[in-house]
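Some notes on the structure that comes next.
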Amino acid sequence: MIPASRQGKVDSSKADTPNGGRPEIHTVEEMAQTALYTAPGAKAYAALAAQASDGMWPVTLAYRCKYPRGGTSIKAPVPQPMEVFDGVYSIGDDANNIWAIDTDEGIILLDALTNEEDARNIIVRHMEQVGLDPKRIRIIIVSHNHLDHFGGAPYLKSISGARIGASTADWDGDSIYGRMPPRGEGDFDISDGDQITLGGRTVTAYLTPGHTAGTLSFVFPVSDKGTPHVAALFGGQGKPRKMEDYVQFLEGLQHFSEQTDRMQADVILSNHTVGDDGLTRIAQLAQRKAGEPNPYVVGREGVIRYDALFRACLSADIDQMVWDQAHPAPAK
């Protein structure tokens, strides 16, 4: 159940879409009507975010530039599990996507949902539906220490013997959304720039704090029917609460964008479906015909636009926070 404080308002005009009624922003005009920023600078940043998105991520844009924050969670139909790239599978639910990377030596899992029930009923079931054996999971990489990303990891480890990896800061740090279990046998710490390799596939992890103190983001090669691409997955989606965390978030984004430039990423993935308009893209992929492009391949321009909209929305929030402090609302 979604707590009332996190329950989002369904857009009835979008209720029959794969997004289940999540709001969308496509244009600068829609941004002005929807985001409700009042500070002149914040409105300018929000307009830049809409221009950067260029209609490519309407759900993500509405989520990132929502002001005031909160009230964004909406239940939608669980998407079908699917091979999105060669040997790379989407096996999550409507809110949290889980990525399984199959190799000759076993499976790398990115995140693990909230608890054993989720791991059993979503991850394991979805893996079996696409022909993957959960007992072949060898590595579980946790993007950050929020329960909806690590809670299912102990169960998955118990059935597979997988090693769990996370940043030191998030292994050891407290979080308002749960605390990572103690390191067990084989579990490991991940530092900035570490490469996690299994069966010829490598995931490179980067520290991008802001969402949590040790949030990890990832870049890794993929291929689509043999054509090579490079995927980028930013590990922390939700807005922070404190100004210093916003600043750190922006620094993390800058660090990650330097790596996606260096590695020439042309694919955007996310561990939340609002982070890459994932429900829409999975639905499009399910209808893909021979010769049609993969909807997750957005090109270098798309990756750059994604980074720009993310930064602009964070900057809009910062500007609004500063404005609100300088222009307090009159007492009633």
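The values are calculated or read from the model by the stated rules, or taken from the named source; none is laboratory data. Model, not experiment: these values are computed from the prediction. So basically every Cβ, Gly included, is an ideal-geometry build from the backbone, and we count neighbours across all protein chains shown. Quick note on the areas: whole protein, heavy atoms, side chains included, nothing else; ligands and nucleic acids left out. Shrake-Rupley method; radii C 1.70, N 1.55, O 1.52, S 1.80 Å.
Those strands (runs of 3 or more DSSP E) of region 193-250 in which 2 or more residues are among the β-branched types (Val, Ile, Thr) and free of Cβ contacts under 8 Å to residues at least 40 places away in the same chain occupy 227-234.
In summary, residue 272 fulfils each of the numbered conditions (1) in contact with a Pro (Cβ under 8 Å, 6 or more places away or on another chain); (2) open to solvent by 10 Å² or more (accessible area, probe 1.4 Å) with the single exception of condition (1).
Total residues in region 292-331 satisfying the condition of being part of a helix (DSSP H, G or I) and open to solvent by less than 80 Å² (accessible area, probe 1.4 Å): the figure is 24.
So that you can scan it fast, the table gives a plain yes or no per residue for (1) without any contact (Cβ under 8 Å) to a residue 60 or more places away in the chain; (2) more than 27 Å from residue 304 (Cβ to Cβ); (3) not hydrophobic (A, V, I, L, M, F, W, C):
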position: 56; (1), (2), (3): no, no, no
position: 67; (1), (2), (3): no, no, yes
position: 70; (1), (2), (3): no, yes, yes
position: 74; (1), (2), (3): no, yes, no
position: 90; (1), (2), (3): no, no, yes
position: 103; (1), (2), (3): no, yes, yes
position: 114; (1), (2), (3): yes, yes, yes
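Across region 191-233, the number of residues qualifying as hydrophobic (A, V, I, L, M, F, W, C) and either in contact with an Asp or Glu (Cβ under 6 Å, 6 or more places away or on another chain) or open to solvent by 20 Å² or more (accessible area, probe 1.4 Å) (or both) comes to 5.
If you go through region 104-131 and keep only what is at negative phi and open to solvent by less than 10 Å² (accessible area, probe 1.4 Å), you end up with 107, 108, 109, 110, 112, 119, 123, 126, 127.
Condition check: in contact with a Pro (Cβ under 9 Å, 6 or more places away or on another chain), open to solvent by 10 Å² or more (accessible area, probe 1.4 Å) and more than 18 Å from residue 84 (Cβ to Cβ). Does residue 248 satisfy that? Taking the combined requirement at face value, the residue satisfies it.
Quick check on region 134-152. Is at least one of its residues closer than 24 Å to residue 181 by Cβ, assigned to a loop (DSSP other than H, G, I, E, B), open to solvent by 10 Å² or more (accessible area, probe 1.4 Å) and not hydrophobic (A, V, I, L, M, F, W, C)? Yes - at least one qualifying residue is present in region 134-152.
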